[in-house]
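Read-outs throughout are calculated quantities, based only on the coordinates presented, and are distinct from any laboratory measurement. Everything numeric in this text was worked out from a predicted model, so none of it was measured. Every residue, glycine among them, receives a Cβ derived from its backbone with ideal geometry; neighbour counts consider all protein chains shown.
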Amino acid sequence: MSQGALPGFRDFYPEQLATRNYIISVWRDVARRYGFLEYDGPPLEPLELYKKKSGDEIVGQLYTFTDKGEREVALRPEMTPTLARMVAAKANAMRKPIRWFSVPQLFRYERQQKGRLREHFQLNVDIIGEASVAADAELLAVAIDVMRAVGLTSRDVRARVSDRRLLTAVLSEVGVRKAEMPDVFAAIDKTGREPRDVTLGKVEKAVSNAEARRGVARILNVATDLNALAAEFRNSPKVMEEITHMREYLNFLDALGVGDWVDFDLSIVRGLAYYTGKVFELFDAQGEFRAICGGGRYDDLLSTIGGVDLPALGFGMGDVVLTELLRSRNLLPAPELGTEYWVAADDESMLPDVMTVAGRLRAKSRSVEYALKSQTLARQLKTASSAGVRNVVLLRRDDYANGHVTVKTLADGSERRVALDAFLNSL
RNA sequence: GUGGCUGUAGCUCAAUUGGUUAGAGCACCGGACUGUGGCUCCGGGGGUUGCGGGUUCAAUUCCCGUCAGCCACCCCA
């Protein structure tokens, strides 16, 4: 058995590359519809760029090495730090808000599993320099429109939205202390995947005050019902202010035509520590796959990384889970057949003529193949047929001498005899 | 990083309680049907059974290790 690709890395044979290109072309098209401009950065970055944001513990999950100039470097695990740096360098010169997207290949040194490899392509869409909730709505609409563009519906995919400011407000309202927040966040984040008593057990550990623990339990009961949450906290101006923002967000999403894809779910937290406001995730409705997409607002990140204080928000959508989902729903389009014309001759000495005709067809921008070695006509047709070619231009010795060829459509076997010049001019 | 399951041709699989030159279909290459493909028929290439040890007269089969894949955990893109 020959050596395969490294664990978690993929070889893209033509069929798989066609799928990858299809996904990426949809990404680009949808991003373009929303007026986003494409950018890119280096796949290799100083390790420091990622340490700054996420701390030293992240290093274990990165592809890192020391280069020949003694620099500590890493293959990029995400695009946001690169984006932050690029924007920060020219922040003053750019019109705000900045609407950019990118399709980087990202790397992560972790054991692979379903929907998760060591390398993937990810659509990144970001808006920088706009604090209004309309920007949050616009961003999520892009992600949902990608789902629509690949043929998925609001019955297939759900967007769950939350807000860390709202979650922080309700937790502090019931008495959870600031230092206890991270652990409570982590516990709440898992409620979808763990039994309720496991979550409560974690809350028990994280929160010292018994009254506050009961408050957390109450919140969990209304985590997906914004009205019930509002009723529960109607006497807290701080919470009600955040709920007003959330309602505005949901109204904007309705206005953008994607409201029926969206569910409020306060338990969506997202692992990344830098999110500061609205966060969202896209899941398949059957819960069969991992998250398709995740993102949110990270208003403090640019000042952390680039020293420029600009509000920002963005999302990432990987190709791996999306491809798995589309394959399982039979939504991957059949790959385009490559070659349009096959030039064949009924006389093996006519290879130069075949080449000449092929060249003239190619000058007309057609894709053309022919047998590179002498073969019987039967063999040439057999090859053309199994290669999926649509038409054969057949050169018959006597006919070709008079400037005529036969164009055969392989699908139905029909043939028509035409003057070569006229045929080429008709293309 | 931890645990479970799996590993025979490019793919899907087979090989009686461990038994002699490890088979088939599909795919690929070629031939026939006397120079127009798809159908049919015939032939061919391709495996040190993931790799390395061990038990045995004998290992694809049993045991151990290792690597890889899948699944879950951790963590998250």
* Asked: segment A:63-141: which trypsin sites (Lys or Arg not before Pro) are DSSP loop and have at most 11 other beta-carbon atoms within 10 angstrom?
  -> A:K68, A:R95, A:R111, A:K114
* Asked: Working out 0.36 nm times the residue gap between A:S386 and A:E288, then minus their Cα-Cα distance, what length gain in nm do you get to one decimal?
  -> 31.6 nm
* **Contact order relative to length of chain A, as percent, for alpha carbon pairs under 8 angstrom and 6 or more apart** => 15 percent
* Out of A:A334, A:A169, A:A18, any idea which swings most in a Gaussian network model of chain A, alpha carbons joined below 10 Å? -> A:A334
* Just need the relative contact order of segment A:341-425 here, percent rounded to a whole number, with Cα pairs under 8 Å and 6+ apart. => 30 percent
* Could you tell me which GluC sites (Glu not before Pro) in segment A:300-408 are loop residues by DSSP with no more than 14 other beta carbons within 10 angstrom of their beta carbon? => A:E336
* Classify segment A:341-425 as rounded, prolate or oblate from the Cα gyration tensor: take a ≥ b ≥ c as the square roots of its eigenvalues, call it rounded if a/c is under 1.5, otherwise prolate when a/b beats b/c and oblate if not. => rounded
* Structure fact -> Most exposed to least, judged by fewest other Cβ atoms within 10 Å, A:S236, A:S303, A:S162, A:S25 sort to A:S25, A:S303, A:S236, A:S162
* Normalised by the residues of segment A:81-129, what does the relative contact order come to in percent, with Cα pairs under 8 Å and at least six apart? -> 40 percent
* Asked: Looking at segment A:335-414, which trypsin sites (Lys or Arg not before Pro) are DSSP coil and have at most 16 other C-beta atoms within 10 Å of their C-beta?
  -> A:K364, A:R366, A:K373, A:R390
* To do: Grab the Cα-Cα distance for A:M355 and A:T409, subtract it from 0.36 nm times how many residues apart they are, and report the gain in nm with one decimal.
  => 17.4 nm
* Structure fact -> Per-residue ellipticity at 222 nm attributable to helices in chain A (runs of n ≥ 4 DSSP H, -39500 (n - 2.57) apiece, nearest 500 deg cm²/dmol) works out to -12000 deg cm²/dmol
* Would you mind ranking A:H245, A:H120 by Cβ crowding within 10 Å, fewest neighbours first? => A:H245, A:H120
* Structure fact -> Net charge near A:R390 (other residues with Cβ under 13 Å of its Cβ; Lys, Arg +1; Asp, Glu -1) is -2
* Asked: Can you run phi through the Karplus equation (6.51, -1.76, 1.60; θ = phi - 60°) for segment A:151-168 and list ³J(HN,Hα) in whole Hz, with x for Gly and Pro?
  -> x, 8, 10, 5, 7, 8, 10, 10, 9, 9, 10, 8, 8, 5, 5, 5, 4, 4
* Which shape class applies to segment A:187-294: rounded if a/c is under 1.5, otherwise prolate when a/b exceeds b/c and oblate if not, where a ≥ b ≥ c are the square roots of the Cα gyration tensor eigenvalues? -> oblate
* Structure fact -> The exposure ranking of A:R327, A:R213, fewest beta-carbon neighbours within 10 Å first, is A:R327, A:R213
* Asked: What ³J(HN,Hα) values, in whole Hz, does the Karplus curve 6.51 cos²θ - 1.76 cosθ + 1.60 give for segment A:223-228 when θ = phi - 60°, with x put for Gly and Pro?
  -> 5, 10, 10, 5, 5, 5
* Would you list which aspartates and glutamates come within 14 Å of A:K51, measuring only between C-alpha atoms, while excluding same-chain residues fewer than 8 positions from it? => A:E72, A:E78
* Rounded to 5, the percent of DSSP beta bridges in chain A classed as antiparallel -> 80 percent
* **In Hz, Karplus ³J(HN,Hα) per residue of segment A:244-254 (6.51, -1.76, 1.60; θ = phi - 60°; x = Gly, Pro)** => 4, 4, 5, 5, 5, 4, 5, 5, 4, 5, 4
* Cα gyration tensor shape of segment A:1-111, rounded if a/c is under 1.5, else prolate or oblate by comparing a/b with b/c -> oblate
* Report the convex hull volume per residue for chain A, counting only C-alpha atoms, in Å³. => 215 Å³
